[in-house]
Amino acid sequence: MKKTRTNILIVAISKRLAGRKGTLFVFATIALIMSLSLYIIFAERVRAYSITAKTDVLAIQALEHPLNHWELDYKGTLHDIFNDKIYNLQESEFAIKVTGGTELTVTTSESRNTLVVILNNNEDKSAATLYDDGKIINISSYAQIEIETEKSLILPFYGTTSIGDDVSPGIRNILHEGKIRIIEQVLGSDVRYEAGEFTLDAGDRVKLYENFDLGLESTVRGFLFHANGEMLAVNIHGDASIARVYRLGSSGYSVKSSLWQRIVNDPVIVSMTSLLAILFLMFEIFLALRKIVNKEHHEK
């Protein structure tokens, strides 16, 4: 009796699902989920790039920001080239405030025990302000700072950057190794996931662009770390559309996330594809049950 009731229930459910209205409902649900999945896959979303690198050279176009105000307690010198003045920076604390619009080229000495920062303001403004021993000194538009790094040094920065230099005769400072990680935002959420990774080779030069066609570079936050005798360790992070890599004098190529990485890693897309798979499986199971029950019904 129980078996007969179960069979009747299965037949009723399978007929309802396999009937015209049920079939249309199932296909409409699947079509809706597939449409939403395609929209999520191709929709534009916030994309951030993180770059870590070991390099001999880093170029920064500084913007006005507190991160470009450095308080230091190292020995060093500041050579105000256009004013032909040299300031000896003692180990007591001093500060340097970089003016927005100043171009910074950061390298090390040959022995890598001194950090060298060249400041150049093309707008003919003061490249930076030096605060030392109670004095406030506006330096000229071109200067060089040398900081002895017997102890490790961290300098944060804010602006646009270029890591490495093009390999050519006479070039000593290059990027040695690095990695680009692409972090995408889940659509309509603050959740992030890794959407790709790219390894940089020795001699590469890399820049981030908000709009490459318009030549609009991305504004980034980052820091450099320097320890005595070592290369510069650089870490930057910023929203961008692409990373542009220039390798051995080439015209460059773009690094961006792929659709496949998005499909595999986006948790929303993964959930929706899993739901689609479950719906297809359930539909197949009910069709199979209906076939079995109908066969038993005809045999009786």
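The values are calculated or read from the model by the stated rules, or taken from the named source; none is laboratory data. This one's a predicted model, so the numbers in the text were calculated from it and none came from an experiment. Ideal geometry is used to build each Cβ from the backbone, glycine not excepted, and the neighbour counts take in all protein chains shown. Ligands, DNA and RNA are stripped out before the accessible areas are found, and what is left, the full protein with its side chains, is counted by its heavy atoms. Shrake-Rupley method; radii C 1.70, N 1.55, O 1.52, S 1.80 Å.
Side notes on the structure shown:
- Solvent-accessible surface (1.4 angstrom probe) belonging to LEU216, in square angstrom, nearest 10: 80
- The length gained on full extension between VAL191 and ASP166, counted as 0.36 nm times the residue separation minus their Cα-Cα distance, comes to 5.3 nm.
- Ranked by the mean number of other Cβ atoms within 10 Å of their residues, highest first, the peptides 76-88, 137-149, 50-62 come out as 50-62, 137-149, 76-88.
- The slack between LEU216 and SER250, meaning 0.36 nm per residue of separation minus the straight C-alpha distance, is 10.2 nm.
- Cβ-Cβ FRET estimate between ILE86 and ASN113, R0 fixed at 22 Å, reported to 0.05: 0.65
- Linear extension gain, LEU67 paired with LYS179, 0.36 nm per residue minus alpha-carbon span: 38.0 nm
- More than 19 Å apart - percent of Cα-Cα pairs taken over segment 63-150: 33
- Residues listed by number, segment 65-98, amide nitrogen under 16 Å from PHE223 label point at 7 Å toward C-beta: 66-73
- Charge dipole (debye, nearest 20) of segment 133-180; +1 at Cβ of Lys and Arg, -1 at Cβ of Asp and Glu: 120
- With each label modelled as a point 7 angstrom along the Cα→C-beta vector, the ALA31-TYR131 pair spans 6.7 nm.
- With eigenvalues of the C-alpha gyration tensor scaled by 5 and rooted, segment 153-206, Å: 30, 15, 9
- Relative compactness, segment 82-227, computed as alpha-carbon Rg over 2.2 N^0.38 Å: 1.25
- ILE278-ALA202 pseudo-label distance in nm [points 7 Å out on the Cα-to-Cβ vector]: 5.2
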